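In what follows, a structure is listed as structure tokens, so that the remarks can point back to it.
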Amino acid sequence: QNEKELQNVVKQQEEKMLQLIDKSGEVTRLKGEISQLKRSLQRAETEAKVLWEEMRGQQPKVDSAYVQERVLLRQEVDKLRLLLLEKEDENLLLSVKY
């Protein structure tokens, strides 16, 4: 009887482990999805900024290629700013460490 109870306990633990593994995979997938959504949001915000600046300037007959180029340039600037901040953080951590 003790052996049977032990087998049941082991079986329940295995089921719990499988559930945790499933949940962990789902969490990883959701984190990836969140990351993609954040990148999409950043792109949309960048495009909105550029378009708003163009509209605010009210330049007559703005070329769509020009606007697209401005969007791409703004995205590149945002990426470079982010890289700069990351490097500054790394340098700060290294200086604190040493």
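Within region 51-83, the set of residues being at pLDDT below 80, in a helix (DSSP H, G or I) and of a type in the set (Val, Ile, Thr) comprises just one member, Val67.
Across region 72-88, the number of residues qualifying as surrounded by 11 or more Cβ atoms within 10 Å (Cβ to Cβ) and within 20 Å of the chain's Cα centre (by Cα) comes to 8.
The values are calculated or read from the model by the stated rules, or taken from the named source; none is laboratory data. None of the values given here were measured: they were computed from a predicted structure. No Cβ is skipped: glycine too gets one built from the backbone with ideal geometry, and neighbour counts run over all protein chains shown.
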